[in-house]
Each structure stands twice: as structure tokens, then as C-alpha cells.
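Notes follow the structure.
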Amino acid sequence: MSSEHYTPAVNPLPPVVVALVLFIMGIELAFTLGARGLVGGPSAVGWRLDALQSYSFSPDIFDWMVENGRWSFEHVIRFVTYPFVSGTFTQAIFVCVFLVAMGKMVAEVFGGLQMLVIFVLSGVGGALAYALLLDPNYPLVGGFPPVYGLIGAFTWLLWRKLSLIGENQSRAFGLIAALMGIQLVFGLLFGGTSDWVADLGGFATGFGLSFFLAPGGWARIVRRIRRD
């Protein structure tokens, strides 16, 4: 018996989140199955390596583009494609877990299109931070920088809520502080790279974009400018 007041037991994921997860995991499954010889024939063993060479974000290529003023599409597109090429199956799984958790909350408040914009531009922001603040010799791959952008948007929501109820807004940054702390500990114990700079760049981009993309955000900024 149907009812207009029926509430589903499980709150469905926003379509944009489902699409991103399926895309990331679809690519990763192709790499994994190909490496085991289950699909694609003998050439499939090198699918991941080929994708890393063609679609990862390369600081060296970025430096070359800046120095020569040549911005070819095949290299510029790396700003957008690198989050969808994971280095390992485990990395892809963790990216999708965070994407489901953070993407759902951000999309439900901001809207699906706005969430996608934050995801894509946070990936760009993370890559720029990686290239400009460091001098790395290895490419950037995987979806953590844009996922951290979603964490930045989620942090903005907490920050805004705390300001409205008069609480200490610094509490909103507890999640990012904990995640950066975990990365620091793992880096000290097991060694690691400087990818955390890209993650932090993605976080800052997502947090900053939220001022404009949150519901009523642009109108709020215009009102503040007029008051000043």
C-alpha cells in the first residue's frame, strides 16, 4: 500500500555520486582484470601503466607548458583525468568510500551540479598546489585531492553552522586536522610521498568554492560587498 508520506529505509545516493563511483571503479576493475589476463588479451597487462603515462598529472609536463607557453589539450586535460586513474586497487576503494560519504552530504545540500564542480575544480586546485609548492619527480594520480575538496565543502557547512549558533568555528576543522595527522603518522612510520600537499590544496579549493556554490552563497557575497 503506497503512501505519500512513505520514507525509504535507505536514503539513496545522489546520481552524480553514483556516476563518479561507477566510473572510478569501472576503470579500476578493467585495470585489475586486465593485469590478471581475464580481459583484453595480452596487451591488457599494461593498461594501468599506459593510463598513468597518458592521464596522470605530470609536474614536469606542467613546467614545460609554463616555460613554453604551450597549453595543448592532451596535457591540460590531465588536470581533470588524473583523479580517475588510481595507482592501486586499494587507493580506488578508499577514494570511493570517501566519495560516497562526503559526496552524498555535499550533493544533498549544494546540489548535484555544484558538487561535481567542487570535485573537478578541487582536483585542479590540488594539482596546482602539488606543482607550484613542490618540485616532485613523480606524477600525481588518484582521486584524493578532489575528495579532499568535498571534505573542504563539508567543513564549510560545519563552519557556517557553528557561526550561526555562536560556537567556536575552529571545531569545524577537526576532520581535516585528524586526516592530516594520520597522513603524517603513516609517513613517519612507513615512508611516503608529498601527495598530502595536493590533498590540502584540494581541501582549500573546496572550502573556498563553497562561499560561492552553497545555496544563497553568491547573493550573500553580493550583499556583503554592497554593505562595504
Over the stretch 105-158, with every protein chain in place, what whole percent of the accessible area is carbon and sulfur at 1.4 Å, could you tell me?
71
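Within the chain, which is the longest segment that contains none of the chymotrypsin sites (Phe, Trp or Tyr not before Pro) sitting in a DSSP loop with at most 15 other Cβ atoms within 10 Å? Show your work: numbers first, answer last.
Values: sites that count: TYR6, TRP71.
With a cap of 15 other Cβ atoms within 10 Å, the longest stretch comes to 72-228.
Considering only the other residues whose Cβ falls under 12 Å of the Cβ of PHE31, what net charge follows from Lys and Arg at +1 and Asp and Glu at -1?
Values: positive: ARG36, ARG48; negative: GLU28, ASP50.
Net charge around PHE31: 0.
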Please list 3J(HN,Hα) in residue order for the stretch 196-201, calculated via the Karplus relation 6.51 cos²θ - 1.76 cosθ + 1.60 where θ = phi - 60°; whole Hz, with x for glycine and proline.
4, 5, 5, 4, 5, x
Restricted to Cα positions, what overall size does the stretch 65-223 have along the principal axes? Three whole-Å values, descending.
46, 40, 26
Give the angle, between 0 and 90 degrees and rounded to the nearest 10, that separates the Cα long axis of helix 15-35 from the longest principal axis of the Cα atoms of the chain.
20
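Any chance you could list the semi-axes, whole Å, largest first, of the equivalent ellipsoid that the Cα gyration tensor gives for the stretch 34-142, using √(5λ)? Write out the running numbers ahead of the final one.
On the way: eigenvalues 116, 108, 28 Å².
Equivalent ellipsoid of the stretch 34-142: 24, 23, 12 Å, largest first.
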How far is helix 59-68 tilted off the main Cα axis of the chain, in degrees rounded to 10, range 0 to 90?
90
Using a 1.4 Å probe on heavy atoms of the protein chains only, the accessible area for ARG70 in Å², nearest 10, reads 150
Probe 1.4 Å, all chains present, heavy atoms only: LYS104 accessible area in Å², nearest 10, is 40
Tilt of helix 144-164 relative to the longest C-alpha principal axis of the chain, in degrees (0 to 90, nearest 10)?
10
Can you check what the net charge comes to around CYS96, using other residues whose Cβ is under 15 Å from the Cβ of CYS96 (Lys, Arg +1; Asp, Glu -1)?
0
Of ASP63, ASP135, which has the most accessible area and how do the rest follow, probe 1.4 Å?
ASP135, ASP63
Any idea what the relative contact order of the chain is, in percent, if you count C-alpha pairs under 8 Å spaced at least 6 apart?
22
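Net charge near GLN183, counting Lys/Arg +1 and Asp/Glu -1 over other residues with Cβ under 13 Å of its Cβ?
Values: positive: none; negative: ASP195, ASP199.
Result for the neighbourhood of GLN183: -2.
Using a 10 angstrom Cβ neighbour count of at most 15 plus a DSSP loop assignment to flag exposed GluC sites (Glu not before Pro), which longest range of the chain is free of such sites?
Details: sites that count: GLU4, GLU167.
Between exposed loop sites, the widest span is 5-166.
Just to make sure I understand: if all protein chains stay in place, what is the order of MET180, MET105 by accessible area at 1.4 Å, largest first? List each step's numbers first, then the result.
Numbers: MET180 40, MET105 70 Å².
My answer, sorted largest first, is MET105, MET180.
The values are calculated or read from the model by the stated rules, or taken from the named source; none is laboratory data. All values reported here derive from a predicted model rather than from experimental measurement. Using ideal geometry, Cβ is built from the backbone for each residue, glycine included, and neighbour counts are taken over all protein chains shown. Just so you know, the surface numbers come from the protein's heavy atoms only, side chains and all, with ligands and any DNA or RNA stripped out. Shrake-Rupley method; radii C 1.70, N 1.55, O 1.52, S 1.80 Å.
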